[in-house]
1. For residue 69, work out the one condition from (1) of a type outside the set (A, V, I, L, M); (2) touching a strand residue (DSSP E or B) at 6+ places or on another chain (Cβ under 9 Å); (3) over 19 Å from residue 118 (Cα atoms) it doesn't fulfil.
2. Those residues that are assigned to a loop (DSSP other than H, G, I, E, B) and without any contact (Cβ under 8 Å) to a residue 40 or more places away in the chain, I need them from segment 57-79; list them, please.
3. For segment 80-90, enumerate the residues that are free of Cβ contacts under 8 Å to residues at least 40 places away in the same chain and assigned to a strand (DSSP E or B).
4. Suppose we filter 64, 68 for residues that are closer than 17 Å to residue 101 by Cα, aliphatic (A, V, I, L, M) and under 14 Å from the mean Cα position of the chain (by Cα); which single one remains?
5. State whether one or more residues within segment 7-18 are of a type in the set (A, V, I, L, M, F, W, C), free of Cβ contacts under 8 Å to residues at least 60 places away in the same chain and crowded, with 18+ Cβ neighbours inside 10 Å.
6. Go through segment 107-128 and report how many residues are in contact with a Lys or Arg (Cβ under 7 Å, 6 or more places away or on another chain) and not in a strand (DSSP E or B).
7. For the subset of segment 91-100 comprising residues that are in contact with a helix residue (DSSP H, G or I) (Cβ under 7 Å, 6 or more places away or on another chain) and assigned to a strand (DSSP E or B), which member is surrounded by the most Cβ atoms within 10 Å (Cβ to Cβ)?
8. In segment 32-50, is there at least one residue being surrounded by fewer than 18 Cβ atoms within 10 Å (Cβ to Cβ), touching a strand residue (DSSP E or B) at 6+ places or on another chain (Cβ under 7 Å), at pLDDT below 95 and among the basic types (Lys, Arg)?
Amino acid sequence: ISDAGDGKFFITSHRGRQLQDSSGALGLYNYFGFYERWSIPDFTLPSDDKFFIISHRDERLEDVGSVVGLTGYWFGPDQKWTISDAGDGKFFITSHSSQQLQDREGTIGLSADFNVEQKWTISHAGDGKFF
């Protein structure tokens, strides 16, 4: 994972779909466009740190009661995520409740599992360059 300076990333599921914030609706899409760009401030690996994952609308990915969603209200523990190595260039994105972000047949959710459905690729989204 590397960032060429603008701090924007695509977060891609095992099915090749990008995490998207479409006017506040969290989803997965085939596009590599503006709605699929996320920032992860101060992101470095390896790390045990927790990170905010922020959409193009300045909404933060959150886990509230084991339900994944987006919020723009405050920066709190529900919005902090750990990003850990899952092997082969993939990552687990883990919430404060120790559940992994997942793509289960096209639906975004959370799971306690560490399987293929919970693996994500994070790639640079700035200036059309990928590293």
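1. (3)
2. 57, 58, 59, 65, 72, 73, 74, 75, 76
3. Listed by number, the residues that qualify are 80, 81, 82, 84, 86, 87.
4. One residue alone meets the criteria, 68.
5. no
6. 4
7. For segment 91-100, the residue satisfying everything is 100.
8. Taking every residue of segment 32-50 in turn, at least one turns out to be surrounded by fewer than 18 Cβ atoms within 10 Å (Cβ to Cβ), touching a strand residue (DSSP E or B) at 6+ places or on another chain (Cβ under 7 Å), at pLDDT below 95 and among the basic types (Lys, Arg).
The values are calculated or read from the model by the stated rules, or taken from the named source; none is laboratory data. Everything quoted here is computed from the prediction, not taken from an experiment. Glycine also receives a Cβ, built like all others from the backbone with ideal geometry; neighbour counts cover every protein chain displayed.
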